[in-house]
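Below is one structure; the comments refer to it alone.
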Amino acid sequence: MSALLEVQDLRVTIGSTAAVRGASLAVNKGETHCLVGESGCGKSITALSVMGLLPRGAKRETTALRFAGEEIGHFGEREMSRLRGDRMAMIFQEPMTSLNPAYTVGSQMTEVLRRHRGTPRAQAVDRAAELLARVGITAPGLRLGQYPHQLSGGLRQRVMIAMALMCDPELLIADEPTTALDVTVQAQILRLLATLQKDLGLGILLITHDLGIVARVADRVSVMYAGEVVESAPTATLFAAPEHPYTRGLLSCVPVPGKVKRDEPLGSIPGVVPRMRPGFTGCGFRDRCGQASPACEGTLPRQQAGPDHELLCTLAPGWHGRNAA
Ligand SMILES: Nc1ncnc2c1ncn2[C@@H]1O[C@H](COP(=O)(O)OP(=O)(O)OP(=O)(O)O)[C@@H](O)[C@H]1O
Ligand SMILES: [Mg+2]
């Protein structure tokens, strides 16, 4: 499978925080890749880095940042804004991050197409109405004339998704898109994303705290901790045979995908994610890890724990089995 998005050794510093410290991940075409990890571990900053939407003052470095095979790490704001909303789009937990309260749904949706493609207004309106219908909004004609505040939270989320799809993107990044919604609406939105992905062949990078969501929708999971991707594997492998002590902690309450309930939170591990200072070396998890050794303060080996299963840890894959024996 060819990678749609490849992030290699992403490092982001914001002031005195090393927000991302060498994270790597790849999203394949037509695949849902879930990025999980505790609050503050760098998930949103990773997503924003890809989109070129980092906060002012943030410094980004990568070995490679490729989209559809093309290196985009050196792209300036103009080139990035051409990609954004066109070939790659992002949706957020809070739809009002994307929606402007001062404009109607219709004018915001059509603006995306007009800006990127110069599509005539009437045609853009047709496309907007078609997408609103596609995301399950009834009476799309009526909704196009409404303002965001006239819509419920679930409807706004659907509008944001429809708007993200206006230019038929290849990659959709969704940062906790359902966290603020009630459970029924969450399930509807996730089903919608899954359907859209199948129909449109989208690659999706989905950031979530919810292991139930991961188990149901992810093809692949990457686990982030303190600015690094510590483990990445196909979903079934990760649930069945987690290797990193942090992943094992997260999954400790829910070892089998089929047994994960809706809204099941990540397992809790004593302690909190440390705030990383630039210059910190070694494993960020070592202070909370029952398996830590002096080697964890040095450069960590990137290991293959199995086919397509990557591990960033000093422990040898399978260490847990040997310990138990
Ligand atoms: N605008 C900002 N200015 C300064 N530091 C920031 C900013 N945004 C994020 N950070 C810091 O960068 C680190 C990573 O934050 P990030 O928002 O990516 O975490 P996250 O994994 O998305 O967490 P959550 O699950 O809570 O959304 C944190 O230490 C955070 O405090
Ligand atoms: Mg976040």
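Some points to look at:
- Taken about its Cα centre, the chain carries a charge dipole of about 440 debye when Lys and Arg each add +1 at the Cβ and Asp and Glu each add -1 at the Cβ.
- The stretch between residue 56 and residue 133 holds 24.0 nm of extra length on full extension. This uses 0.36 nm per residue minus the Cα-Cα distance.
- Charge dipole (debye, nearest 20) of the range 64-180; +1 at Cβ of Lys and Arg, -1 at Cβ of Asp and Glu: 400 debye
- Distance cut-off 27 Å, percentage of C-alpha pairs in the chain lying past it: 45 percent
- Residues of the range 106-130 with amide N under 13 Å of a point placed 7 Å along Cα→Cβ from residue 168: 117, 127
- Modelled label positions at residue 180 and residue 150, each set 7 Å beyond Cα in the direction of Cβ, lie 2.0 nm from each other.
- Sparse-neighbour loop sites [chymotrypsin sites (Phe, Trp or Tyr not before Pro); the range 22-131; at most 14 other C-beta within 10 Å; DSSP]: 103
- Placing unit charges on each Cβ (+1 for Lys and Arg, -1 for Asp and Glu) gives the range 1-105 a dipole about its Cα centre, and among 40, 64, 16 the Cα reaching farthest toward its positive end belongs to 16.
No value in this document is a laboratory result; all are computed from the given coordinates. What you see is a predicted model, and the numbers here were worked out from it, not measured in a lab. Positions of Cβ are backbone-derived with ideal geometry, glycine not excepted, and every protein chain shown enters the neighbour counts.
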